[in-house]
Structure formats: structure tokens, C-alpha cells
There are 2 protein chains.
Amino acid sequence: MAKPDKKRGTSQKRECILEAALRAFARNGFYNTRVSDIASEAGVADGTIYLYFKNKDDLLISLFEDQMEWIIDRLRHELAAVDGGVLNQLRSFIHLHFRLAVERPDLAEFITVELRQSAKFVKEYENPKFADYLKMLYSLIERGQEEGVLRTDLDRRLVTRAIFGALDEVLLQLALLPDAPDDVSDEAYQIAEMIIDGLRVRSSESLSPTG
Amino acid sequence: MAKPDKKRGTSQKRECILEAALRAFARNGFYNTRVSDIASEAGVADGTIYLYFKNKDDLLISLFEDQMEWIIDRLRHELAAVDGGVLNQLRSFIHLHFRLAVERPDLAEFITVELRQSAKFVKEYENPKFADYLKMLYSLIERGQEEGVLRTDLDRRLVTRAIFGALDEVLLQLALLPDAPDDVSDEAYQIAEMIIDGLRVRSSESLSPTG
């Protein structure tokens, strides 16, 4: 979504700086990248960066928010098209997470490696977009519990975090491969199986929850 | 294990510097901590640090190796005392991981937050102690598969990573709480349930694996 208070040209320059930052961070790491490196990558003067961003931490956070918005839009769009109920949506969620390593290796590395290197980011930033991402996962688990397909004896918030951690760690491994993988469907299938079987109501119990 | 080529006094000073570094990193973060901060925390001259460590990255890696050795020894010791087979050992592994947040909150924060802030650490360091830690988890899964209690259709290496990711993310949340938690047994119980049910041979299949 474009910021309503910004003109189109301004918004394009901002995007261009963010894309340059993503490439620079992926290549040299967050801490080894200077604002001037991003400026030269973007083909703008150093001072131009500061018209849009307060500092490198602010750039990192803005980049994250923009990219998460892209990821969330894509998830919403693709999950809405999934047939077969909440378990299939959960499977799709996991497949889409891992497919970042195939489709957007720079973004996969940024999310799993570089982002963690800003202490400000990990410890201080409230991170509303990441909260939205977690909320999508949480809502799937909540719906599965309400529909009686997922067990209700596990805390949803805790389970959401654990699943995110599992997905993030496997994506990190995929992102650190020397070459971006062509296909991650086997990894996604296996992790989805493990997670869903861990959450599913056992077959002997599957008729018990009452609506 | 003490280094054989070092005298006892030398080894004690090294330990003292590492403990000071752990406190300083936990308080101010890896990137905001200078070598001189660690020196003053340890009560030694700046130059003394460089007798033992090449630089701050080297200090971080040494600290990690020492602490992981402590964690691994403790795991080995406690797992050896567990009755009831591999599933109970897996449960104990998970409980012990989370109990770091209660017993060693500084170490829990170091492992889950500060460590990730060294790009060198995440991307370049081979990390033999962490490999040992993963190998313990891997061996439990391998044994469970061989004994016919865990499903064999999942890749052990992949599953090991996913479980580590889940545990690490939940520990991160526990480590970021304003006060160290008194008790994490409920979190550990729930995550262990979810993971073990995700890996367990279904009851209808539990007699099928042949030895």
C-alpha cells in the first residue's frame, strides 16, 4: 500500500533505496554495510538516504515492514484459494514459507540472517508486521481447534511461536545453501506432516469435540 | 575440559574474562559492547584480553564453545539418568533446553539473542559444539526410529533442525521476558507433546516396523 502523503516519484525512490539495501545487506551483512554503500548501490547521493530514513536501523525496519507486507499479501491471496479446510491451509502456509528460499533467496537470507543482527530490531522494535504474520498462523490454529480437527490442550500462542521457530530455522538452512534450491516441496511436505500430526486430534478422539 | 597447555592461574583468568563477557553482552548486546567494557567488567587491563583472545568475535566464539560444553555435559549427565526409553529422553532434552531460562537467564539470552548478532558466527564459523548439541538430538531421533517408536518417513537431519528451531524460538521468548520465569515446565510439557506426537508412529502402525 502506497503512503497517501507521498508523491509517486518519491515513493519510487524510496522503493529503489530499499531494494538496494536488501541487496547490500544480503551481500555484506547488516553490520558491514554502510549507508554510503546503500547510496552507491541505489545510485543516489548519501544525503538522499536521510531524506527517507533516519539511520541504518530505520532502513532495516522499513525494509522488513515492506517485505513482510509483500509476504503477508501473498499468503492471504494464496491461502484464500486453498481448498480442503484448515489443515490444507496450514500445509500451504508452510510450503509458502519455504518457497521464499526458491523465489526470493535474497529476502530469505535477509529475514533469517541479517535481521537478527540488529539488536534494536530483536529487542526493542515492536514489529507490527511480524505480529500480523504470526497472527495468520495463530488464526489457522485457532480455527483448527474450533473446528475440532486440532487438539485443544495446547496453548495457541506457544504453539504458534514453536511452529514459526521450526519454519524459520529450516528456512535459514535453505537460505545458507551455496546456491538457492530449485525445489523445497519435499522439505515443506515433511515439516508440514510433522507439525500437523503433532497438532491433530488423534483418530480415536476425532469425533469427540462438540461444537 | 581444561586446556592441557595452560597453567591453572591462566585458565582461571580466561574463565573470569569469559564470564565478564557473558554479563556485558547480556546487558548491552554484542555490538554495543567494547573489549574495554569487558576488561573493566573483568577487572583486568584491556591488553590482558588480547593475551587470551584475538578480538571480540573470537571472544564470542570461545564463550559460546565453553557454555555449550557446559550445556552438553549437563544434557549427557541428565539424559543418562532418565528411565523409560527414548521418548522420555526426548522429553527431558526439551525440558532441559527451556530450563536454561530459569537457571541461567544470562546464558539463555546470550544463546538466543546476542549470538545471532555476529555475522561471522552465523555465516562463517563451523561451530563444532553446536554440531555436538544437534547430534545429541539427532541421535535420540535415530534411536527412536530404530526402536520403532518414531516414524521413519521423515528425514532425521531436517527434523532435528526443525525441533531445534522450535525450542530456540520458545527459549528466545522466555529469555526476553522482563523477569526470568520461575517455572517453564508447562511450556516444556506442551512443546514436548506436540513434537513427540508429530514424530511418533501412530498406534495403528506401532507394531509394523520390523527389526
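So the values come out like this:
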quantity	calculated
Residues of the range A:132-171 satisfying the condition of being without any contact (Cβ under 8 Å) to a residue 40 or more places away in the chain, more than 20 Å from A:Ala188 (Cβ to Cβ) and within 11 Å of chain B (Cβ to nearest Cβ)	A:Asp153, A:Asp155, A:Arg156, A:Arg157, A:Leu158
Close pairs (7 angstrom Cβ cut-off, 6 or more residues apart or separate chains): closer than 21 Å to A:Glu147 by Cα in the range A:70-89, of a type in the set (Lys, Arg) and not in a helix (DSSP H, G or I) anywhere	none
Residue in the range B:22-52 that is modelled with the highest pLDDT, counting only those that are under 22 Å from B:Trp70 (Cα atoms) and of a type in the set (Phe, Trp, Tyr)	B:Tyr52
Residue check for A:Ile195: at the interface with chain B (Cβ under 10 Å from one of its Cβ atoms), closer than 27 Å to A:Arg104 by Cα and in a helix (DSSP H, G or I)	yes
Test: residue in the range A:56-78 that is over 18 Å from A:Val113 (Cα atoms), at pLDDT below 95 and β-branched (Val, Ile, Thr)	yes
Test: residue in the range A:129-148 that is touching a strand residue (DSSP E or B) at 6+ places or on another chain (Cβ under 7 Å), at pLDDT 95 or above and crowded, with 16+ Cβ neighbours inside 10 Å	yes
Within the range A:1-21, tally of residues that are buried (at least 19 other Cβ atoms within 10 Å of the Cβ) and modelled with pLDDT under 90	0
All positions within the range A:140-152 that are in contact with a helix residue (DSSP H, G or I) (Cβ under 9 Å, 6 or more places away or on another chain) and of a type outside the set (Asp, Glu)	A:Leu140, A:Ile141, A:Arg143, A:Gly144, A:Gln145, A:Val149, A:Leu150, A:Arg151, A:Thr152
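The values are calculated or read from the model by the stated rules, or taken from the named source; none is laboratory data. Please read all numbers here as calculations on a predicted model, not as lab measurements. We place every Cβ from the backbone using ideal geometry, glycine too, and count neighbours over all the protein chains shown.
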